[in-house]
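The values are calculated or read from the model by the stated rules, or taken from the named source; none is laboratory data. Computed from a predicted model, the values in this text were never measured in an experiment. Cβ atoms come from the backbone with ideal geometry, glycine included; neighbour counts cover every protein chain shown. What goes into the accessible areas is simple: the full protein's heavy atoms, side chains included, and nothing from ligands, DNA or RNA. Shrake-Rupley method; radii C 1.70, N 1.55, O 1.52, S 1.80 Å.
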Amino acid sequence: MVDNTSVIVLFGPPGAGKGTQAEILARRLNLLHISTGDLLRDELARGTELGKLAKSYMESGELVPDEVVARMVAAKLSKNRGAVLDGFPRTVNQAEILQTLLAERNVGVTAVVEMQVADETVVRRLSSRYICSVCQTPYNLTTNPPKVEGVCDRCGGRLYQREDDRPETVMRRLRVYREQTEPVVEYYRRKGVLVSVEAEGPVEEVTEKILSVLSDPL
Ligand code: ADP
Ligand code: AMP
């Protein structure tokens, strides 16, 4: 059912494992990996106007305005290669914008994978998440450590802990997820493209579950 022109949305609360799985799936299926969180952190690190605009929203765990993230996604979508979207759409309005962007390329969303994890898991995973300052690959001190402490396996970059992974901000991000992002599930359920996966197990197990639901016709 999926090929390298498919558009797959990985959906779920912060810490569900979207970034981890998106990177693996993009490699396995030869798709682009588009993470709005990674793109925004890159703008922040480079001190661009967009980064300056996004900074206060990100630090407080609020959503960056829809038009800003939509513009970044539009710039990344390709006409002849599909993508794994990670962290976008996060509001029903963003989902509608995505539909328009894809319609301009004569495609639609192939599948939305809802990754289900308990709040306790989110808090536990994010409190020990470290990400690469260069390529943004996520690691976890307990479940997915790098081979050499503090150094990215993939590119040798320095690992750091995200400001917004502090417990107070994680609670705020979970609240924002419930209030503004969860309604997107219903939007895609109605469109008939939603599949759900229990995402508590080890990384490889979750990958296999996702590939399995993606290989079934919806
Ligand atoms: P998201 O992109 O949804 O915020 P990440 O992919 O960054 O989530 O994962 C959050 C944290 O949990 C990271 O530290 C990551 O290494 C870890 N992680 C991801 N998937 C799993 C898993 N299946 N089991 C245990 N830890 C995981
Ligand atoms: P993430 O890396 O996906 O956890 O995103 C980190 C932060 O970036 C979020 O808490 C938001 O402030 C912002 N962000 C990322 N993606 C979006 C989006 N699609 N819409 C609005 N804000 C976003």
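Being out of contact with any strand residue (DSSP E or B) (no Cβ under 8 Å at 6 or more places or on another chain) and modelled with pLDDT of 95 or more holds for only one residue in 172, 129, 154, and it is 172. Return a yes/no flag: does region 87-102 have any residue that is modelled with pLDDT under 95, over 19 Å from residue 45 (Cα atoms) and not in a helix (DSSP H, G or I). Within region 87-102, none of the residues are modelled with pLDDT under 95, over 19 Å from residue 45 (Cα atoms) and not in a helix (DSSP H, G or I). Applying the criterion of being open to solvent by less than 40 Å² (accessible area, probe 1.4 Å) and touching an Asp or Glu at 6+ places or on another chain (Cβ under 8 Å) to the residues of region 90-117, the residue that is nearest to ligand 1 (Cβ to nearest atom) is 117. Picking from residues in region 40-56 that are under 14 Å from residue 87 (Cβ atoms) and either open to solvent by 40 Å² or more (accessible area, probe 1.4 Å) or of a type in the set (Gly, Ala, Ser) (or both), the one that is farthest from the chain's Cα centre (by Cα) is 54. Candidates are the residues of region 62-86 that are part of a loop (DSSP other than H, G, I, E, B) and not basic (Lys, Arg); the one that is nearest to residue 190 (Cα to Cα) is 82. Taken residue by residue, region 10-22 has no member that is more than 10 Å from ligand 1 (Cβ to nearest atom) and surrounded by 15 or more Cβ atoms within 10 Å (Cβ to Cβ). For the residues 58, 1, the requirement of being farther than 16 Å from residue 113 by Cβ and in contact with an Asp or Glu (Cβ under 8 Å, 6 or more places away or on another chain) singles out 58. Restricting 120, 59, 168 to those that are assigned to a helix (DSSP H, G or I), touching a helix residue (DSSP H, G or I) at 6+ places or on another chain (Cβ under 8 Å) and open to solvent by 30 Å² or more (accessible area, probe 1.4 Å) reduces the list to 59.
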